[in-house]
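**Student:** The structure that follows is given in the form of structure tokens.
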There are 2 protein chains.
Amino acid sequence: MTSIWRFLIGPPLRAREVAKEQINPPEGLSALSLDALTSVAYGPEAILAVLVVAGAGALHLVLPVTVAIVVLLGLLVFSYRQVIDAYPGGGGAYAVSRANLGPAASRVAGASLIVDYTLTVAVSIAAGVGALTSAFPALGSFTVPICLGILAVITLLNLRGLGEAARAFLLPTMVFIAGLLAILAIGLLHPLAPGLARRGPPPHGTLTVGALLVLKAFSAGCSALTGVEAIANGVPLFRPPRTVQAKRTEMLLGVILGVMLLGLAVLADRWRIAPRSHQTVLSQVMAAAIGQNWAFYAMSITITLVLALAANTSFGGMPVLASLLARDSYLPRLFSLRDDRQVFASGIVTLAIMAAALLVAVQGNTLSLIPLYAIGVFTGFTLSQAGMVVHWWRTRPTRWRHRAIINGVGACATAVATIIFLITKFTAGAWIVVLAIPSLITLFVRIHRYYQRAGRALGLGAVPGRPQSRPTVVVVPVTGISRLTEHAIAQALSISPQVIAVTVVINDPRRAHELQDEWRHWNPGAPLRVLQTEFASAARPIVKFVNELYDSRDEQIIVLIPVLRPEKLRYSALHNHLDLVITTELRNHPNIILARVPMPLTLHG
Amino acid sequence: MTSIWRFLIGPPLRAREVAKEQINPPEGLSALSLDALTSVAYGPEAILAVLVVAGAGALHLVLPVTVAIVVLLGLLVFSYRQVIDAYPGGGGAYAVSRANLGPAASRVAGASLIVDYTLTVAVSIAAGVGALTSAFPALGSFTVPICLGILAVITLLNLRGLGEAARAFLLPTMVFIAGLLAILAIGLLHPLAPGLARRGPPPHGTLTVGALLVLKAFSAGCSALTGVEAIANGVPLFRPPRTVQAKRTEMLLGVILGVMLLGLAVLADRWRIAPRSHQTVLSQVMAAAIGQNWAFYAMSITITLVLALAANTSFGGMPVLASLLARDSYLPRLFSLRDDRQVFASGIVTLAIMAAALLVAVQGNTLSLIPLYAIGVFTGFTLSQAGMVVHWWRTRPTRWRHRAIINGVGACATAVATIIFLITKFTAGAWIVVLAIPSLITLFVRIHRYYQRAGRALGLGAVPGRPQSRPTVVVVPVTGISRLTEHAIAQALSISPQVIAVTVVINDPRRAHELQDEWRHWNPGAPLRVLQTEFASAARPIVKFVNELYDSRDEQIIVLIPVLRPEKLRYSALHNHLDLVITTELRNHPNIILARVPMPLTLHG
């Protein structure tokens, strides 16, 4: 087992062996922006899925709704370019709000982001598999296993530590961007696309569409904006001049994503594309633009791949966030420890388990996740931008008013969007997020309070008293007289002159006498206590004996369990049953030192 | 968890609290013969399933084949009445062949019986669920979950220990016997049964049926004879005079089972019943005899119940057999230990896991299991009877020749049957058994050889040398200075004056200096070794340090890991990460005593 695991995740790494990435804007797009870019695979779909409820005539609203979303995207891009300026060390919403808005706001940001990182993983993988099953419908019945398989691969890669591998993302990202832009261009240039089946004229008559529906479509489509913050979090990864490169990447992301969203909206509107259950909207647009040929299939597989890589973005973000929360005592310390591949394994595994649970719960269906999605990220956006306003006000660099206004508008716009999400998506599933975020915050607060109390109880920061030694009595459970017993008694006598061997005899007084006689004959320098019992288990009498000893004497008690270590580990199952039961029973005893003394067993002949 | 488990399986029991059953023949039928009696639910079905392959005209062969099986049943009953006489202490095939034929034969018997006990559980449960889904076809798609649910209930009941509950089997057993005999009587008395749909005349023309087909039908039908040995195994359970009561029960079983099998065969023949996929043959006969009324449904449920109870027979047999094998060093010792409900929990759980795997593998389909079934039991029959011949020849009581002849004929008949099984069922699945039994025997032999060598290496039976104590050095891994550190250093100093505290600093030389200064200022009476590392894990440097210490010094090394024990156990997850990694790494180290020193953590305010 251990060696298989080692093979999968690789040998331990020194801190300096971990590549410090030095990336340029195109690499920045592939390493930090895939989450945002790939949202074209589900964002337009989410808008149309809302609009279609009001009838086919409402579908043309996809264009104005998309324009609104792209305007918001522009706002966010400019806001985050300023975050990059202000926090070149990496300005996650948690760090920015902690520095400027205080611990309460930072906890809200932390909880929101954990929820959305998990959703990003689930949504990206589900959408990726959706792209695959749209192109290859036969795979449709294996949706959940394929989702979990991709998740497992991503998790393993992250447990290895991605290192140089992140650069391998560049090629599929570029194929994806170039391919999709080319497809959109073909679609826009040919009024009648090659793959398009002839459709009837648009439905006539007036159509009443409520404002609520438009807001719903808007909030569903805003799922396309998640991930635009990732570049600002990853500024330290860029090649110097860092902030310049990062800001350039952010702008590049904004332009490409905006063009893609608008292009898709125009084509979906022109070709009157409606959501279908077995083919995604993106897949329909592609099929209409270029036909279902080799290029269509190659692009479908590329989309699956980049969506899987987009899920990877969260694996970059959430474990780091969890480690920051753990360092601030909001999560168990374990999350702040790197494992021997220098990655935060606990965070990675926790994220994988939560995402797997989500994927199984919704059966790999992207649209079930969309109502839950984006609320957390937009809460983070709002807190981050609001924090930036405070930051500018506090530091007052040149043109601080101008900068504060940009971030202020960003904060307001994202706050309004968050409120729209809450209202329009509440009954469709957002209530889960509304419950989850405060639950996480409560967890943070309780863990924080516990650590503070435990720290006081442990006297952290104060110099403790001088350690006082006291007499020790060693209890050695034995099953008979053998070299193992000799070995264990010898170790016990090395620890203390006071040693008591104990053995349990089940319903057999004659055996008890025999044992005592044999022991006296051997005379190992420690008395044997034979415990008789009518119960079948040997653990109970030994635990009782140890407890009575603890109550009646003042010495420190050490229970020394003899354990055979055969050369081949699999033979251990043939010995050591006493160890198993006693260790289980005494493991949580608060006042006893439980020790296991191993004896290597070498077989001859 | 522990308390839920306790609730399910009950409090620990003293040996004398476990009811020593004192049963009479009717109770004997319910406790020991359900496996045999309930085989009417699949035996005739198995015969017809073979015959139908040769066409509807071959179905009338069910009668002669059943007569042959009933003759073999009579032989077995007389043979086992003699086993009861000779082994009133319970004469399982393993014990009889071990005493008379030697260890090699006993291993064959043990392996064969383990295979067949497992199959009995799977076949009985699958047939029980088959009876249920025949009556209630809507349940058909839940076959496997229902099978596993019944298996789980039986397993839990056996982990509790059945005790008095076995007597509760009496009522359903009597309802089953009386009900089925009544149904057969009704069917035999009315030439045109009420529930029988009119069928066409029998097909004309000559029919060539090969001898192989008849033998196949015979061997499939012999699955009805498994379980006739159980009474002889359970003689000590009977009320005195034990052997008289047990022999009477064996005879009763033979008569009832013989009548049921013949009755079913006559009716199946008369009504030309053919196997169907959604209704068992037994269910068809019942429906034809009395119609599909409340009595039919009540009887169907009763059959499910007694089949589930029949699976229970194996849970009585296999764990005891495993404990005997373990006592003879053929299986891990664990199987010979009773748990605190006085049951052989390891054997029960192992049997349940194997049966569950089988049920899942065949999707709860009884007919897939039949070809595998009965080979093991008939191997056991043969060895047991052959052993009896040797027994009579050795002991030579009055009329020993007469007795030896009866057992000899039994041995020959069952040996022939076993060979027929092997030939006719080999390609249909029996090869699995042919592989499984030698594999088990190889396992027995290897375990036995290992225990013998381990016993020699441990010097079992010899008086070992006098234990020699030697100096000890205690290594205490710490993370900083706190009351926990004080506590652990105090315990370490109680064990030995030689104590070394070690701590790991990851990539932070300044912190290393600080720690040394703080430690010197505290001056706890033991030096601190600060281990610096570029790896992220703290375990590796500590393991390396301990190994170097072991290589360079002659003292016994104890690694004493400080562990916090918060009042509420769930808070443990917030501490003790060092414990986790170090314990995992050092646990299997052959030369180091690993001890954990707990400190109760009480929080104030």
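**Student:** Based on the Cβ-Cβ distance of residue A:262 and residue A:401, what FRET efficiency does E = 1/(1 + (r/R0)^6) give at R0 = 25 Å, to the nearest 0.05? Before the final figure, lay out the partial values.
**Tutor:** On the way: r = 32 Å, r/R0 = 1.28.
The computed FRET efficiency comes out at 0.20.
**Student:** Other chains near B:591-603: what is the mean number of their Cβ atoms within 10 Å of each residue's Cβ?
**Tutor:** Working: counts 5, 3, 13, 6, 9, 6, 7, 9, 3, 2, 5, 2, 7.
Partner Cβ neighbours, averaged per residue: 6.
**Student:** Next question, about the same structure. Note the angle between two axes, namely the Cα long axis of helix A:431-457 and the longest principal axis of the Cα atoms of chain A, as a number of degrees from 0 to 90, rounded to the nearest 10.
**Tutor:** Its long axis makes an angle of about 40 degrees.
**Student:** Extending each Cα 7 Å along its Cβ direction at residue A:292 and residue B:534, get the distance between those two points in nm, one decimal.
**Tutor:** Going from the residue A:292 label point to the residue B:534 one covers 5.6 nm.
**Student:** Between B:451, B:439, B:385, whose Cα lies farthest towards the positive end of the dipole of the stretch B:384-469 when Lys and Arg beta carbons carry +1 and Asp and Glu beta carbons carry -1, centred on the Cα centre?
**Tutor:** Towards the positive end, the residue furthest out is B:451.
**Student:** While we're on this one: So how do A:104-111, A:233-240 stack up, highest first, on mean other-Cβ count within 10 Å? Could the numbers behind the result be given before it?
**Tutor:** Working: A:104-111: 23.8, A:233-240: 20.0.
Result, highest mean first: A:104-111, A:233-240.
**Student:** Sticking with this structure for a sec: In debye, nearest 20, what is the charge dipole magnitude of the protein assembly as shown about its Cα centre with +1 on Lys and Arg Cβ and -1 on Asp and Glu Cβ, if you could check? Can you show the working numbers first?
**Tutor:** Values: 96 positive and 54 negative charges, 80 e Å.
Roughly 380 debye for the protein assembly as shown.
**Student:** 7 Å along Cα→Cβ for the label point: how many nanometres lie between residue B:603 and each equivalent label in the other copies, listed shortest first?
**Tutor:** 5.1
**Student:** How high is the FRET efficiency between residue A:443 and residue B:7 when r is their beta carbon distance and R₀ equals 22 Å, given to the nearest 0.05? Each step should come with its number before you reach the end.
**Tutor:** Details: r = 29 Å, r/R0 = 1.33.
My answer for the efficiency is 0.15.
**Student:** Using alpha carbons only, how many degrees (0 to 90, rounded to 10) separate the axis of helix B:294-327 from the longest principal axis of chain B?
**Tutor:** The two axes meet at around 50 degrees.
**Student:** Next up: Using a 7 Å offset from Cα along the direction of the beta-carbon, what are the separations from residue A:427 to the same position in each other copy, nm, ascending?
**Tutor:** Result for residue A:427, in nm, nearest copy first: 6.5.
**Student:** Within 10 Å of each Cβ of B:445-458, how many other protein chain Cβ atoms are there on average? Don't skip to the end; give the middle numbers.
**Tutor:** Working: counts 0, 0, 3, 0, 1, 6, 3, 1, 6, 9, 1, 3, 11, 12.
Taking the mean over all residues of the peptide, I get 4.
**Student:** Averaged across the residues of B:520-527, what count of C-beta atoms belonging to other chains lies within 10 Å of each residue's C-beta? Kindly include the intermediate steps, with their values, before the conclusion.
**Tutor:** Details: counts 0, 1, 5, 2, 5, 4, 1, 0.
Averaged over the peptide's residues, the number is 2.
**Student:** Among the DSSP beta bridges whose two residues both lie in the protein assembly as shown, what percent are antiparallel, rounded to the nearest 5?
**Tutor:** If I count the DSSP bridges inside the protein assembly as shown, around 10 percent turn out antiparallel.
**Student:** I would also like to ask the following. Using the crude model of +1 on Lys and Arg Cβ and -1 on Asp and Glu Cβ, and no other charge, please compute the dipole size for the stretch B:430-486 relative to its Cα centre, in debye to 20. Can you show the working numbers first?
**Tutor:** Numbers: 7 positive and 1 negative charges, 53 e Å.
Its charge dipole is roughly 260 debye.
**Student:** Now a separate question. If you line up the long axis of helix B:242-270 against the longest principal axis of chain B, both from Cα atoms, how many degrees apart are they, to the nearest 10?
**Tutor:** 60
**Student:** Now for a separate question. Which residue is it, in chain B, whose C-beta lies closest to the B-to-A rotation axis, and what is that distance in whole Å?
**Tutor:** Nearest Cβ to that rotation axis, in whole Å: B:595, 2.
**Student:** Using Cβ contacts closer than 10 Å as the measure, can you line up A:223, A:329 from fewest to most?
**Tutor:** On the way: A:223 29, A:329 19.
Fewest-to-most Cβ neighbours within 10 Å comes out as A:329, A:223.
**Student:** Same structure, new question: Name the residue farthest towards the positive end of the dipole of chain B from the options B:513, B:290, B:78, assuming +1 on Cβ of Lys and Arg, -1 on Cβ of Asp and Glu, about the Cα centre.
**Tutor:** So the residue we want is B:78.
**Student:** If the only charges are +1 at each Lys and Arg Cβ and -1 at each Asp and Glu Cβ, what is the size of the charge dipole of the stretch B:472-601 around the Cα centre, to the nearest 20 debye? Don't jump to the answer; show the numbers that get you there.
**Tutor:** Working: 13 positive and 13 negative charges, 76 e Å.
In debye, rounded to 20, the stretch B:472-601 gives about 360.
**Student:** Please enumerate, by chain and number, the aspartates and glutamates with C-alpha under 17 Å from the C-alpha of residue A:216, excluding those fewer than 8 residues away in the same chain.
**Tutor:** A:45
**Student:** If you don't mind, there's one more thing I want to ask. Go through A:576-586, B:256-266 and give me the packing order, highest mean Cβ count within 10 Å leading.
**Tutor:** Numbers: A:576-586: 18.0, B:256-266: 21.1.
Taking the mean over residues of other Cβ atoms within 10 Å, the ranking is B:256-266, A:576-586.
**Student:** To one decimal in nm, how far is residue B:178 from the same spot in the other copies, if labels go 7 Å from Cα toward Cβ? Please give the shortest first.
**Tutor:** So the label point of residue B:178 gives 8.7 nm to the other copies.
**Student:** How high is the FRET efficiency between residue B:498 and residue B:153 when r is their beta carbon distance and R₀ equals 51 Å, given to the nearest 0.05?
**Tutor:** On the way: r = 57 Å, r/R0 = 1.12.
My answer for the efficiency is 0.35.
**Student:** Under a cut-off of 26 Å between alpha-carbon atoms, report the lysines in cross-link reach of residue B:568, not counting same-chain residues fewer than 8 places apart.
**Tutor:** A:544
No lab work stands behind these numbers, since they all come straight from the coordinates. Remember, it's a predicted structure, so these values are computed and weren't measured experimentally. As a convention, Cβ positions derive from the backbone with ideal geometry for all residues, glycine included, and neighbour counts pool all protein chains shown.
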